[in-house]
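My questions all concern the structure below.
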Amino acid sequence: MDIGVILPTSTPDPAQPTLGDVRASARFAEQAGLESVWSTDHLVASAPILDSTVTLATAAAVTDRIRIGYGVLLLALRPTAWAAKQISSLQHVSGDRLMVGIGTGNPAHGDIGWRAAGASFADRGHATDAALRVLPDLIAGRVATLPDGTEVAISPGSTVPPLLVAGDGPRARRRAAEFADAWMAIAATPEQIETNARELRDLAAGFGRPAPSITVVAPPLGTDLDKATDLAARYAEAGVQRLVAAPTGSDWRSGYEFAAELNAAIPGRSV
């Protein structure tokens, strides 16, 4: 199992904004042997938040090995071709280390960011599906036909990174099964994962695709290493490929150190 962490660029708690040093945190995560660093994404959220693409480009620039990921990109918040250009460029500058988590946004943040971007909050699910149908071709530099009929190819193309679809509802799991390489669950328990993994396999079979792998974001790891190691083992048994630890406060370093200790304690850990 792989262990990743979220970069200190935002927090759901507006009373405790987490805006840390992206360069230092990315370097620390790589030196600690973690598999990946992730950036959240929003235009206007319930607390201060940095731009995800700038954050990931910065993390890529100061590291060599660790993978970088959108966790998650609100794909329908921007034009699909523009998102593909950013993704392709990040693949180039990072040396193909990018992973692209895709979601439709937490309603807790409201719709102001969507209105500010001129995007429909109500139709974001349908817009995400439409974008996912053309995103791989756009990233790869192949000609794609956008929903409005525009034909376009983006140059230079790049290796299409792994696509992960996030969300805990049936529509999100169906979206993951139809379009993605992986499903990102939010704070799901191992028992919930076991149930949803069966659903994913059935959905993917219906689309003639392999079952997506599973990443769990913000698992309830706590602060006791032995208990966290046992919980990670249960996640592994349920079929989880990766755990991504979320910041627990303004001190990102202590959270990263705990994630590194957990990584070292798991059999088959990242190296």
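The values are calculated or read from the model by the stated rules, or taken from the named source; none is laboratory data. Note that the structure is a prediction, hence the values are computed from the model and not measured. All Cβ positions, glycine included, derive from the backbone under ideal geometry; neighbour counts span all protein chains shown. We work out accessible area using only protein heavy atoms, side chains counted, and drop any ligands, DNA or RNA first. Shrake-Rupley method; radii C 1.70, N 1.55, O 1.52, S 1.80 Å.
If the requirement is being over 10 Å from T80 (Cβ atoms) and surrounded by 13 or more Cβ atoms within 10 Å (Cβ to Cβ), which of these qualifies: P170, P162? So that I can check it myself, show each step before the final result.
Values: P170 fails: surrounded by 13 or more Cβ atoms within 10 Å (Cβ to Cβ).
One residue alone meets the criteria, P162.
Given the criterion open to solvent by 60 Å² or more (accessible area, probe 1.4 Å) and either within 18 Å of V244 (Cβ to Cβ) or assigned to a helix (DSSP H, G or I) (or both), identify the matching residue among V93, V72, V100, V134.
Values: V72 fails: open to solvent by 60 Å² or more (accessible area, probe 1.4 Å); V100 fails: open to solvent by 60 Å² or more (accessible area, probe 1.4 Å); V134 fails: open to solvent by 60 Å² or more (accessible area, probe 1.4 Å).
Within the list V93, V72, V100, V134, the selection yields V93.
Let me ask something else. Working carefully through the options R209, R201, R234, find the one that is within 16 Å of R171 (Cα to Cα) and basic (K, R). Reasoning before the result, please.
Working: R209 fails: within 16 Å of R171 (Cα to Cα); R234 fails: within 16 Å of R171 (Cα to Cα).
When all the criteria are applied, what remains is R201.
Would you please name the residue that is most open to solvent (accessible area, probe 1.4 Å), looking only at residues in region 194-208 that are farther than 18 Å from A166 by Cβ and under 21 Å from the mean Cα position of the chain (by Cα)? Can you show your working first?
Our first condition is that a residue be farther than 18 Å from A166 by Cβ; within region 194-208, this holds for 194, 198, 201-202, 205-208.
Those still in the list that are under 21 Å from the mean Cα position of the chain (by Cα) too: 194, 201.
On the way: E194: 83, R201: 125 Å².
Per the stated criteria, the residue is R201.
Let me confirm something: among V44, V54, which residue is surrounded by fewer than 21 Cβ atoms within 10 Å (Cβ to Cβ), modelled with pLDDT of 95 or more, over 23 Å from R175 (Cβ atoms) and hydrophobic (A, V, I, L, M, F, W, C)? Don't jump to the end; show me each part of the working.
Working: V44 fails: modelled with pLDDT of 95 or more.
Checking each option against the conditions leaves just V54.
Each row is one residue, and each column tells you yes or no for (1) over 15 Å from M1 (Cα atoms); (2) polar (S, T, N, Q); (3) out of contact with any Asp or Glu (no Cβ under 8 Å at 6 or more places or on another chain).
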| site | (1), (2), (3) |
| --- | --- |
| A185 | yes, no, no |
| P190 | no, no, no |
| T195 | yes, yes, yes |
| L200 | yes, no, yes |
| A211 | yes, no, yes |
| T215 | no, yes, yes |
| P220 | yes, no, yes |
| A228 | no, no, yes |
| L231 | no, no, yes |
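Can you tell me how many residues within region 19-57 are assigned to a helix (DSSP H, G or I) and of a type outside the set (F, W, Y)? Lay out the reasoning, then the answer.
Start the filter on region 19-57 by keeping residues that are assigned to a helix (DSSP H, G or I), which leaves 22-31, 52-57.
Imposing the further condition that a residue be of a type outside the set (F, W, Y) reduces the set to 22-27, 29-31, 52-57.
Total meeting the criteria: 15.
Looking at A108, is it under 27 Å from P170 (Cβ atoms), of a type in the set (A, V, I, L, M) and without any contact (Cβ under 8 Å) to a residue 40 or more places away in the chain?
In short, no.
Does region 111-130 include one or more residues that are assigned to a loop (DSSP other than H, G, I, E, B), in contact with a Pro (Cβ under 7 Å, 6 or more places away or on another chain) and open to solvent by 10 Å² or more (accessible area, probe 1.4 Å)? Steps first, please.
Here is the first cut: in region 111-130, the ones assigned to a loop (DSSP other than H, G, I, E, B) are 111, 117-123.
Those still in the list that are in contact with a Pro (Cβ under 7 Å, 6 or more places away or on another chain) too: none.
No: region 111-130 contains no residue that is assigned to a loop (DSSP other than H, G, I, E, B), in contact with a Pro (Cβ under 7 Å, 6 or more places away or on another chain) and open to solvent by 10 Å² or more (accessible area, probe 1.4 Å).
Something else about it: Looking at (1) surrounded by fewer than 19 Cβ atoms within 10 Å (Cβ to Cβ); (2) touching a helix residue (DSSP H, G or I) at 6+ places or on another chain (Cβ under 6 Å); (3) in a helix (DSSP H, G or I), can you tell me which one A60 breaks?
(1)
Do we have L43 as within 22 Å of A259 (Cβ to Cβ) and over 14 Å from the mean Cα position of the chain (by Cα) here?
Details: within 22 Å of A259 (Cβ to Cβ): no; over 14 Å from the mean Cα position of the chain (by Cα): yes.
Against the criterion (within 22 Å of A259 (Cβ to Cβ) and over 14 Å from the mean Cα position of the chain (by Cα)), L43 does not qualify.
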